[in-house]
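Student: Mind looking over this structure? Questions follow.
The values are calculated or read from the model by the stated rules, or taken from the named source; none is laboratory data. The shown structure was predicted, so the numbers you read here are calculated from the model rather than taken from an experiment. Please note: Cβ atoms are built from the backbone with ideal geometry, for glycine as well, and neighbour counts cover all protein chains shown.
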Amino acid sequence: MRRVAIWAAAVIAFVGLSLGLDAAETIVTSGGSVLNGSIESRLPATVSVTSDTGDVFTVQRENMKHVRFAEGRRVTVETQDGNIVVGTLGGISDVFGLRTPGGDVQSISVDSIVEIRFEAAAAPVAAPAPQVKQPTGAPVATSAVQAVLDAYEGGSGSFTLGLDSGLQLGYSGLNGFDVPRFTVGINAILLGVVGRMYFPPSADRVERIAERLVEAGISDADTLMEETRSDATPFLLPYAQLGTDALIIPHAGGGVLVRLGASLYVDLGATIDTFGVPWVSFGLMIFF
């Protein structure tokens, strides 16, 4: 996302200069440098942005306002007329030239840029720049996607009860969508301790889900949060388990939780201890 934003900003500067306007850019690099000037070379008058759904949008440089880059040339482009496009940037060079206020031209690698901000032209443009269209025509602030990620990466604690042959009593850490991350506890049947590590969706996957919903036209932040939460809450949640039997005999294994409700799961798993004795977990897990 960051790279796309940077290239988009560069494109706007070039068009502004060609029209005789007083446009300027501010570039922020990964090293923390803030550079001011006008992007003059190796950037086209238009760029293309390909969304995750395969839609290709053509964005004119003179209509760009803010570009943020992420890995793989994924960008978020905000236009002067208030629209936002999220996708992969294409048709750009790896290096462009920035003319500083002192008149020098500095070569800047795209890989070092995280953000470009465009200053609006002082004079009005005779012909208005075309709008960047979303598939549904509904622009959504990128801050809403970041809010979803912040919520997902949050967490809380939960008392855990296992009504099965495995984990009986424990404490769990949940992510911001109330999906278990880990559990530690005791097994009253096997007289041992239990530790589980669950594998919910990654933050990158949640971000892609939120961006896809934005492209589908969801513009309300609360609705985006709820829809992303629904899509990112897994029906099957795999886990790995380590613990002891008879207090001191180590065991290892794993399994899967099958979600029945917001805090209720069916537990299906198995372990084997160092003496080769297997144990099957089957029953209910409740996270309070």
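Student: Restrict the check to the range 260-274 and report whether at least one residue is over 23 Å from Phe177 (Cα atoms) and polar (S, T, N, Q). Before the answer, list the steps.
Tutor: Initially, the range 260-274 is screened for residues over 23 Å from Phe177 (Cα atoms), giving 269-274.
Now restrict to residues that are polar (S, T, N, Q): 271, 274.
Yes: one or more hits.
Student: Do the conditions hold for Pro139, that is, is it part of a loop (DSSP other than H, G, I, E, B), under 30 Å from Ser51 (Cα atoms), within 19 Å of the chain's Cα centre (by Cα) and modelled with pLDDT of 80 or more?
Tutor: no
Student: Among Pro200, Pro234, Pro238, which is the only one that is touching a helix residue (DSSP H, G or I) at 6+ places or on another chain (Cβ under 9 Å) and either assigned by TED's automatic domain parsing to the domain that holds Gly87 or under 27 Å from Gly185 (Cα atoms) (or both)?
Tutor: So the residue among Pro200, Pro234, Pro238 that is touching a helix residue (DSSP H, G or I) at 6+ places or on another chain (Cβ under 9 Å) and either assigned by TED's automatic domain parsing to the domain that holds Gly87 or under 27 Å from Gly185 (Cα atoms) (or both) is Pro200.
Student: Then there is this: Hey, any hits in the range 92-106 for a residue that's in the same structural domain as Ala45 (by TED's automatic domain parsing), under 16 Å from Asp55 (Cβ atoms) and either out of contact with any Ser or Thr (no Cβ under 6 Å at 6 or more places or on another chain) or part of a strand (DSSP E or B) (or both)? Talk me through it step by step, then tell me what you get.
Tutor: We begin by selecting, within the range 92-106, every residue in the same structural domain as Ala45 (by TED's automatic domain parsing); these are 92-106.
Still in the running and under 16 Å from Asp55 (Cβ atoms): none.
No, every residue in the range 92-106 fails to be in the same structural domain as Ala45 (by TED's automatic domain parsing), under 16 Å from Asp55 (Cβ atoms) and either out of contact with any Ser or Thr (no Cβ under 6 Å at 6 or more places or on another chain) or part of a strand (DSSP E or B) (or both).
Student: Condition check: closer than 27 Å to Glu207 by Cα and either touching a helix residue (DSSP H, G or I) at 6+ places or on another chain (Cβ under 6 Å) or surrounded by fewer than 20 Cβ atoms within 10 Å (Cβ to Cβ) (or both). Does Asp104 satisfy that?
Tutor: In short, no.
Student: OK, next. Among what's in the range 171-215 and is on the phi < 0 side of the Ramachandran plot and acidic (Asp, Glu), pick the residue that is modelled with the lowest pLDDT.
Tutor: If we take residues in the range 171-215 being on the phi < 0 side of the Ramachandran plot and acidic (Asp, Glu), then Glu215 is modelled with the lowest pLDDT.
Student: Can you name every residue in the range 5-44 that is of a type outside the set (D, E, K, R), at pLDDT 50 or above and either over 29 Å from the mean Cα position of the chain (by Cα) or assigned to a strand (DSSP E or B) (or both)? Talk me through it step by step, then tell me what you get.
Tutor: As a first pass, look at the range 5-44 and keep what is of a type outside the set (D, E, K, R): 5-21, 23-24, 26-39, 41, 43-44.
This time we only want the ones that are at pLDDT 50 or above, so: 24, 26-39, 41, 43-44.
Matches in the range 5-44: Ala24, Thr26, Ile27, Val28, Thr29, Val34, Leu35, Asn36, Gly37, Ser38, Ile39, Ser41.
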